[in-house]
Each structure stands twice: as structure tokens, then as C-alpha cells.
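Please treat every number below as a calculation from the coordinates, not as lab data. Predicted, not measured: the structure shown is a model, and the values here were computed from it. As a convention, Cβ positions derive from the backbone with ideal geometry for all residues, glycine included, and neighbour counts pool all protein chains shown.
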Amino acid sequence: MKVYNTLRRSKEEFVPLEEGKVKMYVCGPTVYNFIHVGNARPMIVFDTLRRYFQYKGYDVTFVSNFTDIDDKIILKAKEAGVDFTEITEKYIDAYLEDSKALNFKEEDTIHPKATEYIEEMIEFVKGLEDKGAAYNVDGNVYFDISKAKNYGSLSKKNIDDLQAGARIDIADEKKNPMDFALWKKRKEESEPAWESPWGMGRPGWHLECSVMSKAILGDTMDIHAGGEDLEFPHHENEIAQSETLTGKPFARNWMHNSMITVDNEKMSKSKGNFFTIKDIAKHYDLEVLRLWLLSTHYRNPVNFSDEIMEQTKNGLDRIYNGKSYLERLIETADVSELQENEKELKEKIDSYRLSFEKAMDDDLNTADGLSAIYELVRFTNGHLKETNSKAIAEFALETLLKLSDVLGILYSRGEETLDEEIEKLIEERTQARLDKNYQRADEIRDQLDAMGIELKDTSTGVEWVKK
Ligand SMILES: [Zn+2]
């Protein structure tokens with residue numbers, strides 16, 4: 001499998017540190033608010049990468065942190081007049097609710113909280129001090145970037161340019177404007193703080209990820225991932241402090257997902273086009289959101305619009321209907337009859353699995369992987385009826401379910417009876433015709449036809465019969 005490595009700006013063959021195992025870390029949210037659609041993209045993309053590794057037989061350790069101490073959390077707690085843990089607990093619960101609804105594999109995820117690793121963070125900073133790479137100014141401890149070997153190597157930034165461009169505050173206590181805080185001194189008595197060799201304070205954000213990943217995954221991991229907005233300075237700083245302390249490579253592969261646009265505009269709070277997952281859940285099934293995020297390659301921007309969400313919903317319906325169709329075939333097919341073209345049909349069905357894997361092996365191309373699933377559904381809808389073979393239908397269904405599970409889809413809709421499903425499709429077709437969306441109406445007719453349903457337009461509405 002090839003994955004794009006931001007470190008070298010190229011697609012590289014993935015070689016695990018330890019055979020059969022993948023150790024990965026994805027930067028998680030700061031828990032002071034409901035998560036938004038921008039947070040969902042790395043979750044879903046890298047959850048799918050994890051699922052694909054598992055599909056290939058790897059044992060995956062997947063870590064994603066909660067930043068549960070931060071300026072924004074402290075401010076929110078102060079405004080509400082509550083303890084900061086009340087804020088973080090509330091938003092961790094909300095996150096877990098959303099992540100489950102998005103079918104993120106919570107059961108296979110380790111979620112460390114920053115406040116549970118304060119001791120390790122202090123040790124880490126002491127280690128950097130011992131190496132002369134950290135300095136204390138009156139209770140604030142900074143990382144000295146001049147002591148990092150290759151600062152800028154991930155983001156391909158030049159330190160001199162950065163320094164020239166940095167805002168220099170005369171009152172700045174740092175040696176270099178690009179130095180960043182490892183440990184922050186408590187500003188007022190009421191702030192949450194921990195005892196340390198530098199006085200009462202709390203860890204800086206960049207430090208948290210370095211420490212938690214080291215504690216759980218060791219000095220070197222296979223894949224460190226996150227949104228492209230984190231590449232600089234967050235990931236650059238993680239590399240600087242971790243590699244300065246351990247002298248070993250921090251992550252062998254860095255993977256970054258691209259951003260989300262809304263109606264082709266950049267998503268931002270000021271434009272009012274900033275949606276939380278809970279906002280979207282009011283209008284769409286979150287399974288549609290998951291599928292939409294996977295319908296574009298993760299390194300390209302993905303655009304949100306109502307039209308695209310409708311299309312995605314139709315696509316998801318097609319896959320669900322393909323599944324029901326196969327289930328019905330299995331029920332009604334003749335068990336005894338062996339087909340002479342059984343081998344060819346199996347090979348054809350298997351060819352969709354191969355195209356799926358080929359796409360996923362090419363830097364997690366979920367867009368092409370999804371196309372292979374659609375093609376599999378189209379093929380089985382059109383070619384399995386006449387064979388009347390239970391074995392073939394079972395093989396097709398098993399293939400469809402396996403591939404869908406890699407993308408983490410086909411999880412939200414319960415077992416509906418076929419009749420209910422047919423009624424729903426007919427209703428949708430009637431609506432499509434009222435909307436003059438004849439293409440969709442025809443599509444549904446074909447779909448029903450493939451399911452063995454014949455439609456009859458009568459004066460009292462549409463009637464249907466099983467062929
Ligand atoms: Zn991080």
C-alpha cells in the first residue's frame with residue numbers, strides 16, 4: 001500500500017515499524033464546544049485508514065487525544081462560573097455521541113486526556129531542560145527552536161523567513177520569536193493549575209500530543225495524522241520537541257487531510273457557514289455525512305452543499321437497495337441448481353473487490369473505492385436474477401458487506417421489510433416526478449425493476465406487483 005508522506009511530499013510504500021502492526025496517532029479536539037464538520041473529516045478519513053489496515057490483517061493501535069486543558073476551556077468555565085471539568089466532560093460526552101453516530105470505531109480507539117498525563121509532561125520538559133533545549137522565564141518554560149535539528153522540515157518553512165515575518169513584541173520574554181511554550185504559568189489563582197518545578201501552571205498544547213503519543217505508542221510511531229491546518233506550527237513543534245528529546249524519528253509518515261468548503265467557499269465562523277455535526281444531523285442522516293466525506297480523496301478539498309448531500313443520500317440508498325436485493329435473491333434462489341457460468345460470475349464479482357483494493361492501496365483513494373462498490377451493485381442488480389444461484393448471491397453480498405465495512409457504511413438502517421422499502425422508493429419516485437426530476441424517477445424505476453418489481457400507474461396512484 002502506498003501513502004502520501006507530507007514529510008517528503010511523495011507517495012511511499014507503507015512499511016510498518018513492526019511487522020503486522022500499525023501505530024497511529026490523530027490529533028483530537030479541544031473539548032470546549034460541539035465538534036464541527038471540519039473536525040469530522042480527519043476522524044472519518046483516518047478511521048477509514050484504520051479500517052483498511054484492519055481489513056488487510058494489521059493489528060492497529062489508534063490513539064486520538066482530548067485536549068482538556070486550554071485557554072478556551074478556561075475562559076468558557078470562567079464565563080459559566082463552573083469548574084473547567086464540567087465543560088470538558090460535557091463536550092467529551094457530546095463528541096462521543098457524534099463519533100458513534102458517524103460510525104467511528106470507538107471500541108478500537110484510545111482517547112488519552114491531557115490532564116491525565118501531567119506528570120509525564122513535566123518529565124518531558126525536564127528532559128528538554130537537561131538537553132539545554134528549554135528555558136524557564138519566571139514560570140513560563142519555552143522550547144528553544146535553535147536547538148532543534150531540522151526545524152521547518154515538515155512544513156518546508158525556512159526559519160530565517162519565519163523569524164523575519166514573526167511579530168516581535170518588545171516585551172517578549174522569549175529568546176526567539178518562534179520559540180513556543182512548553183509550560184504556561186498560572187495567570188490567576190482561580191485558574192486550574194498543577195505543581196511543577198517551575199511553579200503552578202499547565203502544559204502547552206503542542207507538548208500534550210508529543211507526550212501522550214510517547215506514553216502510549218513509544219518514541220517512534222508509524223503514522224501521525226491530522227488536518228492540514230495543523231501542519232504548522234503544531235506538528236512542526238511536536239517533531240521539534242520529541243526528536244530533540246529522544247534523538248529518534250518521531251513519526252515515519254505524516255498524513256494530512258485537506259479542508260472543507262461550503263458552497264465552494266472556505267468554511268469560517270465569520271461567514272456563518274460553519275456547521276456542527278449536530279446541526280447537520282437535523283437535516284441528514286450522519287451516515288450520509290460519512291459517505292460524503294469519503295466521496296472525495298482526502299488530500300483534495302471536499303465541498304458541502306445541499307445538492308451534493310442529496311446526491312450522496314441517493315448513492316447511499318442505491319447501496320442499501322443493492323444489499324436488500326441480494327438478501328431477497330438469497331431467500332428465493334434455487335439451492336440445488338448449479339450454474340455453468342458460476343465461475344465467471346464469481347470472478348466478475350471478485351474483480352470489483354480487486355478494483356476497490358487497488359484504489360485504497362493508492363493513498364487511500366476512497367472516491368475510486370466507492371465507485372467500485374457502486375459498480376458491484378450495478379452489476380449484481382443487472383446480472384444475478386437469471387442465474388438463480390444462492391451461492392453466487394451469497395458471495396456477492398459477502399463482498400458488498402466487506403467492502404462497505406472498510407468505508408464504515410451500511411450501519412444506520414435497521415432491517416426494514418422489503419415491502420416498506422418498496423413503498424419508500426415509490427414515494428420518492430412520485431416526488432421526483434412532481435419535482436420534474438425525471439432522471440431520478442427513471443433511476444428508481446430501473447432499481448425497482450432490478451428488484452423484480454413492476455410499477456403500474458393507475459388513476460388512483462401507483463400500484464406494484466412482484467414479477
Ligand atoms: Zn496534536
Spherically averaged projected area of the stretch 137-218 from its Cα convex hull (nm²): 7.1
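Shape call for the stretch 307-379 from the C-alpha gyration tensor, a ≥ b ≥ c root eigenvalues: rounded (a/c under 1.5), prolate (a/b greater than b/c) or oblate? Please list the in-between numbers first.
On the way: a/c = 3.75, a/b = 1.42, b/c = 2.65.
Oblate shape, in that a/c is at least 1.5 and b/c is the bigger or equal ratio.
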J(HN,Hα) series, the stretch 44-61, from Karplus relation 6.51 cos²θ - 1.76 cosθ + 1.60, nearest Hz, glycine and proline x: 6, 4, 7, 5, 5, 4, 4, 4, 5, 4, 5, 4, 7, x, 6, 9, 10, 9
Using all alpha carbons of the stretch 90-194, what is the percent of pairwise distances in each 10 Å bin, ordered from the shortest bin to the longest? 12, 29, 28, 24, 7
Report the gain in length on full extension from Asp419 to Leu96: 0.36 nm times residue separation, minus Cα-Cα distance, nm rounded to one decimal. 112.8 nm
In nm, the gap between the two label points placed 7 Å beyond Cα toward Cβ at Ser351 and Glu331 is 3.1
Residue-wise, which Karplus ³J(HN,Hα) couplings in Hz belong to the stretch 189-199, taking 6.51 cos²θ - 1.76 cosθ + 1.60, θ = phi - 60°, and x for glycine or proline? 3, 6, 5, x, 7, 10, 6, 8, x, 9, x
For Asp179, other-chain or 5+-apart residues with amide H closer than 5 Å (H placed, Pro excluded) are Ile145
Given the stretch 1-48 reduced to its alpha-carbon atoms as identical point scatterers, what log10 I(q)/I(0) does the Debye formula return at q = 0.13 Å⁻¹? -0.45
Report, ordered by chain and residue number, the lysines lying within cross-link reach of Lys313, taken as a straight Cα distance under 20 Å and ignoring same-chain residues fewer than 8 apart. Lys100, Lys278, Lys282, Lys323, Lys424, Lys436
Give the aspartates and glutamates whose C-alpha is closer than 13 Å to that of Lys105, dropping any in the same chain fewer than 8 places away, or say none. Asp47, Glu97, Asp405
Distribution of pairwise C-alpha distances over the stretch 338-405, 10 Å bins, in %: 22, 52, 22, 5, 0
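Rounded to the nearest 500, what is the 222 nm mean residue ellipticity of the chain from helices alone, with -39500 (n - 2.57) per DSSP H run of 4+ residues and division by all residues?
When only DSSP H runs of four or more count, the value is -15000 deg cm²/dmol.
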Are there trypsin sites (Lys or Arg not before Pro) in the stretch 271-308 that DSSP marks as loop and that have at most 14 other Cβ atoms within 10 Å, and which are they? Lys271, Lys282
Vicinal HN-Hα couplings computed from phi for the stretch 260-274 (Karplus, 6.51 cos²θ - 1.76 cosθ + 1.60; Hz; Gly/Pro x): 10, 10, 10, 6, 6, 10, 4, 7, 7, 4, 5, 7, x, 10, 10
For Asn5, distant residues with modelled amide H under 5 Å away: Ser10, Lys11, Glu12
For Val137, which sequence-distant residues (separation of 5 or more, or a different chain) have an amide H within less than 5 Å of its own amide H, given hydrogens modelled in the peptide plane? Tyr142
Using only the alpha-carbon atoms of the stretch 159-295 as identical scatterers, what base-10 log of I(q)/I(0) does the Debye formula give at q = 0.13, 0.21 Å⁻¹? -0.88, -1.24
How big is the gap, in Å, between the Cα center of the stretch 79-113 and the Cα center of the stretch 262-334? 24
Measuring from label point to label point, each 7 Å out along Cα→Cβ, what is the Glu19 to Asp457 span in nm? 6.5
At 25 °C and 0.890 mPa s, the Stokes-Einstein diffusion coefficient in µm²/s for the chain, with hydrodynamic radius from the Kirkwood sum on alpha carbon pairs, is 98
Show me the trypsin sites (Lys or Arg not before Pro) within the stretch 389-444 that DSSP assigns to loop and that have at most 12 other Cβ atoms within 10 Å of their Cβ. Lys436
What full-extension length gain, to one decimal in nm, is calculated for Lys343 and Glu123 as 0.36 nm per residue of separation minus the Cα-Cα distance? 73.0 nm
Aspartates and glutamates whose Cα lies under 13 Å from that of Lys175, excluding same-chain neighbours fewer than 8 positions away: Asp144
Report the FRET efficiency, 1/(1 + (r/R0)^6), for Ile216 and Ser371, where r is their Cβ-Cβ distance and R0 is 41 Å, rounded to 0.05. 0.70
